[in-house]
Structures are given as C-alpha cells and as structure tokens.
Amino acid sequence: MDTTPPVAGAPASGANVPEFSVSEISGAIRRTLEGAFGRVRVRGEITECKRYPSGHIYLSLKDESAKLESVVWKSAVPRLSVQPENGVEVIATGKLTTYADRSKYQLVIDRLEYAGEGALLARIEKLRVRLAAEGLFEAGRKRVLPGLPRVVGVVTSEAGAVIQDIRTTIARRFPRRILLWPVPVQGQGAAERIAAAIEGFGRLPHDGPIPRPDVLIVARGGGSLEDLMAFNEEIVVRAAASCPIPLISAVGHETDTTLIDFAADRRAPTPTAAAEMAVPARADLLAALDQTGARLRGAAMRQRRAAETTLLRLERRLPDIPARVLEYRRRLDEAGESLPDALRAFVRLKRDALAPLAVPHPRESIAARRHAVALLDGRRVAAFARCVQRLRGARALHAFSAAPVLALLRERRAMLAGASRQLEALSYNAVLARGFALVRDAEGEPLTRAAAVAPGARLSIGFADGQVVATAEGEAPRRAKAKKGTEQGTLL
C-alpha cells in the first residue's frame with residue numbers, strides 16, 4: 001500500500017510516474033520537511049562555525065555519525081544566550097528547512113543553550129586553565145581591601161534583592177556612600193555590560209564630580225549554572241583582573257564558584273558577606289579603640305611605675321649632699337687651722353736640709369773677692385812699672401830702630417791713599433756731583449726704569465747735597481728710541 005502523501009502539483013490523471021519541474025519538487029520537499037518536523041531541538045557539537053560580515057552565523061552540528069548544517073540569521077544573533085564556538089556541545093532550537101539552490105536541508109537556529117552542566121563545566125575549566133596560565137589568578141596580584149572606604153561601588157542589577165541586602169548591611173555596620181552601576185546579571189549581553197561597568201568605575205578620576213569608589217563589589221544572587229554564565233565569560237574575568245580598584249566577588253551562594261572569583265581580590269560567599277568585608281562594623285571599631293586605649297593606658301602606667309622604681313633606686317645610690325658639704329667644710333676649717341704650723345714645719349724642714357751644706361757667709365765671699373782684686377791691682381802696678389822701664393830702655397835704641405818703622409809707615413800710608421782714590425772713583429757721589437740724581441721708592445729701593453714708577457707713587461730723589469721727596473704724576477713715559485750715535489752708556 002502506498003503511504004506517500006499527495007504532492008501538490010501532481011497530475012490528476014492516474015499515470016504511475018508523475019512529472020514535476022525542479023522548482024515544484026524543491027517546494028514540495030520543503031513543505032513536506034517543514035510540515036513533518038516543525039520546530040525541533042537538536043543536540044550536537046558545534047563545528048565549522050563562521051561569522052560573516054553580513055551578520056549571519058553559519059555552523060554545523062555533529063555527533064558520532066552525522067552532521068547537520070545550520071544557520072543563525074542576523075536578526076536572531078542578539079537574542080542568543082550562548083555565543084556559538086567550535087567544540088562546544090549545545091542544544092539548538094529552530095526549524096528545519098531546505099536550501100533549494102544547493103539541494104540541501106539546514107536547521108535555522110533561533111536559540112542556543114549548553115548541552116547540560118558537563119559541557120558548561122568543561123568549557124569553564126578550559127577557560128580557567130588558559131587564564132591561569134596567563135597569570136590572571138596569581139596571589140601576588142591580589143590587593144588589600146581598604147580599612148574604611150569612603151565610597152563603595154556596586155555592580156549588580158538594580159531590581160534584585162542583592163542591592164537591598166548590600167545597602168542594609170552597610171547602613172547597619174558603618175554608613176558609607178554607595179554608587180550603583182546597574183547591569184543585567186544574566187542573558188544575552190550581560191557579560192559585556194558587567195565588564196563595561198567594572199572598567200567604567202576604574203576610569204573615574206579621583207577628583208571628578210562622581211567620586212571614585214575605594215572598593216568595588218560585583219554581586220548576584222543564586223541561580224543555576226546557566227544563570228551564572230555571564231560571570232564565567234572571559235571579558236568579565238579580564239575586566240576584574242585589570243580593575244585598579246580592589247574588587248570583591250559575590251556571585252551566587254557559598255557553593256557556587258565562577259571564574260570572576262579567581263580574578264577578584266576577595267571572594268565573598270554571599271552579597272551580604274561582601275558588604276561585611278567592604279566596611280567594618282562601627283561597634284567593633286569602637287570596641288577595638290576602647291581596648292587599644294586601655295592597653296595604651298596600662299602600658300603608660302607600667303612605664304611610669306618602672307621609671308619611678310628606677311628613680312628610687314638611683315636616689316638611694318646618690319650621696320647625701322648636705323652631709324658631704326658639711327664634711328668638706330669641716331675639713332677646710334681643720335686645714336686652715338693647721339696651715340701656720342705646717343708652714344713653720346716646712347721652713348724647719350728646708351733649714352735642716354740646708355744645714356749640712358757648706359755655704360759660706362756673704363761677708364766671707366766679699367772679703368775673698370776684695371783680696372783677689374787687690375792682688376790683681378798689685379800685679380797691674382808691677383806690670384806698668386816694667387813697661388815704663390822698657391820704654392826708657394827703648395829710647396836709647398831709637399836711633400838704630402826708627403828707620404824700618406818709618407819706612408813701613410810710609411808704605412802703609414801710600415797704600416791707604418791709593419785705596420781712597422779708587423773708592424772715590426767708584427762712589428756714586430761723584431756721579432751725583434756731576435748733575436745726576438738717584439731715585440728711590442717709598443721703601444728706599446733704587447728705581448732704574450721709568451716703567452717701574454706707578455702714577456701717584458712716593459719717590460725720594462737724592463742729589464749730591466741732599467734728598468728731595470716727590471710724587472709721580474701721569475703715566476710712565478715710554479722710553480724713546482735713541483738716535484744713532486747719541487745713545488748714552490751706563491754710568492755704573
């Protein structure tokens with residue numbers, strides 16, 4: 001029995017082999033395929049994924065034994081919750097249709113989702129390993145949260161309960177200013193909006209009209225793995241790792257882990273815990289201040305008591321100053337009373353030391369000197385008498401001995417006269433007598449050149465009959481060249 005449905009355009013006659021045109025058979029196949037399947041969900045691994053400049057995405061879904069060509073039209077791309085990537089196992093929802101130009105059938109996809117948590121976890125783990133190899137999760141990159149921030153920045157949805165929990169917790173612990181950057185926390189485009197919010201907070205200037213937060217909280221409530229996928233995207237993780245503001249990640253519940261937790265400076269199990277990490281409790285600070293003040297007071301008291309004990313010990317070791325003064329005064333009085341006796345004893349001691357020495361009396365020394373002088377005077381008188389006798393005897397021999405003496409005197413007189421004439425010839429006084437003068441400076445040094453005389457210098461000019469004091473005026477005249485045959489030689 002033939003169960004083939006009637007095809008539109010088949011001939012009404014009862015011929016066994018109907019005749020179709022190419023367009024008719026292609027349209028019939030298309031209508032049959034779309035009518036038989038309608039909307040379908042197909043599970044497979046994405047391969048041959050290409051995004052064209054037109055905005056359409058062409059890909060294929062494959063399993064162990066077959067491959068299905070698929071397309072995502074440009075109008076459906078913004079509505080996708082999962083961006084197609086090669087190697088990702090997904091569940092694609094759409095309708096089957098044919099492509100008549102190439103006699104192919106394809107799946108027109110309008111929705112994509114990951115094929116179970118296993119595929120999602122494998123994709124997340126693969127991204128985590130790659131980002132960890134780049135050093136984005138290293139402990140050395142983590143920064144310390146500020147002790148008391150002035151402004152707290154929050155990146156989360158403005159409609160959820162997360163922002164209310166954060167506001168309530170901060171107001172209860174220590175009221176601080178909160179800046180909210182509202183973003184979608186799931187769905188298409190959520191990852192890009194979250195990354196843009198983190199980067200936007202980081203670009204705020206310190207002194208701008210909008211204050212820059214001192215700490216940043218990225219938060220979201222609990223949900224399934226698919227709901228939290230926006231915080232596992234690479235763009236969000238990189239934005240958190242490069243954020244210049246200390247960042248706290250509070251995504252999901254305590255058991256939920258996303259990749260932003262590894263890149264953040266601190267991870268909080270819940271948004272409320274993130275708010276508790278961001279600001280301290282006022283009561284705890286006051287209690288800590290009271291405890292620190294008590295410890296400081298105790299330490300100061302102990303230090304003062306230790307100083308008092310040290311001073312008491314030093315005081316016991318110090319001498320009694322008034323008693324010492326009285327003792328020294330008594331010793332001084334005793335020394336003053338015994339001073340005359342000590343001087344007399346000292347004189348006696350020195351006298352006893354000089355007694356053994358044979359020191360003659362001054363009168364005896366004077367008498368001895370007078371006796372010696374008298375002897376010398378007697379010897380002088382005797383010597384004078386002998387000289388007189390010798391002179392008397394020499395007069396008798398004068399006639400014989402006077403001639404050589406006179407000759408020697410004449411010779412010496414002639415030598416003296418020659419030396420006198422030579423000295424007179426060499427003396428500059430004769431030159432002065434001929435009209436020349438001797439010029440000296442203030443120190444009496446002779447001046448032989450006019451260039452050595454400075455204007456205003458004191459001069460002493462010596463003539464044959466005396467000296468004259470003068471003062472030099474004007475510049476020293478330059479020495480004129482002597483004419484040939486009139487140059488005067490040096491006198492001395």
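The values are calculated or read from the model by the stated rules, or taken from the named source; none is laboratory data. Owing to the predicted nature of the structure, the values given are computational and were not obtained by experimental measurement. FYI the Cβ positions are ideal-geometry reconstructions off the backbone, even for glycines, and counts take in every protein chain you see.
The C-beta contact set for segment 133-151 (first residue outside the structural domain of Ile217 (by TED's automatic domain parsing), second residue aromatic (Phe, Trp, Tyr), distance under 6 angstrom, 6+ apart or interchain) comprises Phe137/Phe262. Elements of the type strands (runs of 3 or more DSSP E) sitting completely within segment 173-284 and holding at least 1 residues that are crowded, with 20+ Cβ neighbours inside 10 Å and in contact (Cβ under 8 Å) with a residue 60 or more places away in the chain: these cover 215-220, 247-251.
Within segment 69-89, the residues that satisfy the criterion of being within 22 Å of Arg123 (Cα to Cα), touching a Gly at 6+ places or on another chain (Cβ under 8 Å) and at pLDDT 85 or above are Ser70, Val77.
Residues in segment 59-103 that are buried (at least 16 other Cβ atoms within 10 Å of the Cβ), without any contact (Cβ under 8 Å) to a residue 60 or more places away in the chain and of a type in the set (S, T, N, Q): Ser60, Ser70.
Residues that are in contact with a Leu (Cβ under 6 Å, 6 or more places away or on another chain) and farther than 20 Å from Thr270 by Cβ do occur in segment 191-208. For segment 320-331, residues that are surrounded by 10 or more Cβ atoms within 10 Å (Cβ to Cβ) and aliphatic (A, V, I, L, M) total 2.
Among all residues of segment 124-133, there is none that is under 37 Å from the mean Cα position of the chain (by Cα) and more than 30 Å from Asn86 (Cα to Cα).
Candidates are the residues of segment 118-138 that are among the aliphatic types (A, V, I, L, M) and modelled with pLDDT under 90; the one that is farthest from Leu216 (Cα to Cα) is Ala119.
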